[in-house]
2 protein chains.
Amino acid sequence: MRVPGDERADLGAMVMRLGRRLIAMEEPILARHGISMWAYIVLSALRGRPTRTQAALAAAINADKTRLIPVLDDLQRRGLIEREPDPADRRVRLLSLTPAGRDRHRDVRADIRAAEEALLADLAKEDRAAFLTALEALSQVG
Amino acid sequence: MRVPGDERADLGAMVMRLGRRLIAMEEPILARHGISMWAYIVLSALRGRPTRTQAALAAAINADKTRLIPVLDDLQRRGLIEREPDPADRRVRLLSLTPAGRDRHRDVRADIRAAEEALLADLAKEDRAAFLTALEALSQVG
DNA sequence: GCATACGATCTGCTTATGCGTACGATATGT
DNA sequence: ACATATCGTACGCATAAGCAGATCGTATGC
């Protein structure tokens, strides 16, 4: 029951709170897999759609292109991504997941999905589906 | 239609993206009203439920209690909040909105709500309601 | 061939944030 | 009265982020 002065919080506030909650949830999972949040984001971005330039990758995941470099260095050193000059334009580094990178991403993602499912389990079934649909739509750039 | 490798993104990624989008949307509104994000958050927190201690306020809005102080100083200097020692325990500063603070918050909030509505207008009506219900539930601390 | 543009990389500046410490004023338990 | 704890406040430190400039290798238009 709503009473005056007890309306719902701003969208922004709620989304931010949920975001913090999700990050808190994911952090131990990532730590357990020995991978940083940025590294996981990179693996996710690269999965299925190898990116042509690092600048494009940075833009896609909303990261600073200079800050991204150490992350890529590390992932490459650990054999999780490949980064080779484009034969057609050797300025460009073609980025792609190695099989090991793909596996790692799959494993981490499985754990994260499981935790997410546990969260969503509290919701009514119809709300849950609508929530995901809406969230997907609203999080699109357009 | 979903094809393999084109599943939905992680919850965390979508929520974060939406959060950034909302912040980008709110920033010009807040600037137009001459108020910072933190100040707005404080006004929102104080609206309707005056807080007994500053530490409690900081905890409630997920802020650092030392960083909060300049924000409160500023809000007080501008006559938007009151901060007086609790007669019953003079260590404590009782925080509350002044009428001006209440008005300011109402005005800013109206603009932010309007922008939010514009965002949500893209959604199907049922999705919209379910989205808000679910978001409200998921953003709760418990 | 040369000027110009572009991608990746490195460095440094600036700001925001989280965290710990210290201190003064005030309450409270003994 | 005195020891101890709590609140607000100030200060410093370490980290992370956004941003700008410089460099180097490489492409491309003229």
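The values are calculated or read from the model by the stated rules, or taken from the named source; none is laboratory data. It should be emphasised that the depicted structure is a prediction, and the values quoted were computed from it without experimental measurement. Quick reminder, even Gly has a Cβ in these numbers, built from the backbone with ideal geometry, and neighbours come from all protein chains shown.
Structure data summary
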{"quantity": "Criterion (polar (S, T, N, Q) and within 14 Å of chain A (Cβ to nearest Cβ)) met by exactly one of B:Thr133, B:Thr98", "calculated": "B:Thr133"}
{"quantity": "Given (1) in a loop (DSSP other than H, G, I, E, B); (2) within 16 Å of DNA strand D (Cβ to nearest atom), number of the condition A:Leu57 does not satisfy", "calculated": "(1)"}
{"quantity": "When residues of the stretch B:60-91 are limited to those that are closer than 25 Å to A:Met14 by Cα and among the basic types (Lys, Arg), the one nearest to DNA strand D (Cβ to nearest atom)", "calculated": "B:Lys65"}
{"quantity": "Single residue of B:Ile23, B:Ile41, B:Ile61, B:Ile35 found to be modelled with pLDDT of 95 or more, closer than 20 Å to B:Val141 by Cβ and within 16 Å of DNA strand C (Cβ to nearest atom)", "calculated": "B:Ile41"}
{"quantity": "Of all residues making up the stretch B:3-36, the number that are more than 9 Å from chain A (Cβ to nearest Cβ), part of a helix (DSSP H, G or I) and over 24 Å from A:Ile41 (Cα atoms)", "calculated": "6"}
{"quantity": "A:Ala110 vs. criteria more than 8 Å from chain B (Cβ to nearest Cβ), under 26 Å from A:Pro50 (Cα atoms) and hydrophobic (A, V, I, L, M, F, W, C)", "calculated": "yes"}
{"quantity": "Search result, residues across the stretch B:102-127 that are of a type in the set (Lys, Arg) and at pLDDT below 95", "calculated": "B:Lys125"}
{"quantity": "Test: residue in the stretch B:72-86 that is within 16 Å of DNA strand C (Cβ to nearest atom), buried (at least 17 other Cβ atoms within 10 Å of the Cβ) and under 18 Å from the mean Cα position of the chain (by Cα)", "calculated": "yes"}
{"quantity": "Selection count, the stretch B:46-93, where residues are within 14 Å of chain A (Cβ to nearest Cβ) and under 14 Å from B:Arg104 (Cβ atoms)", "calculated": "2"}
{"quantity": "Scope the stretch B:117-127; condition surrounded by fewer than 18 Cβ atoms within 10 Å (Cβ to Cβ) and either facing chain A (nearest Cβ under 7 Å) or more than 18 Å from B:Met25 (Cβ to Cβ) (or both); matching residues", "calculated": "B:Leu119, B:Asp122, B:Ala124, B:Lys125, B:Glu126"}
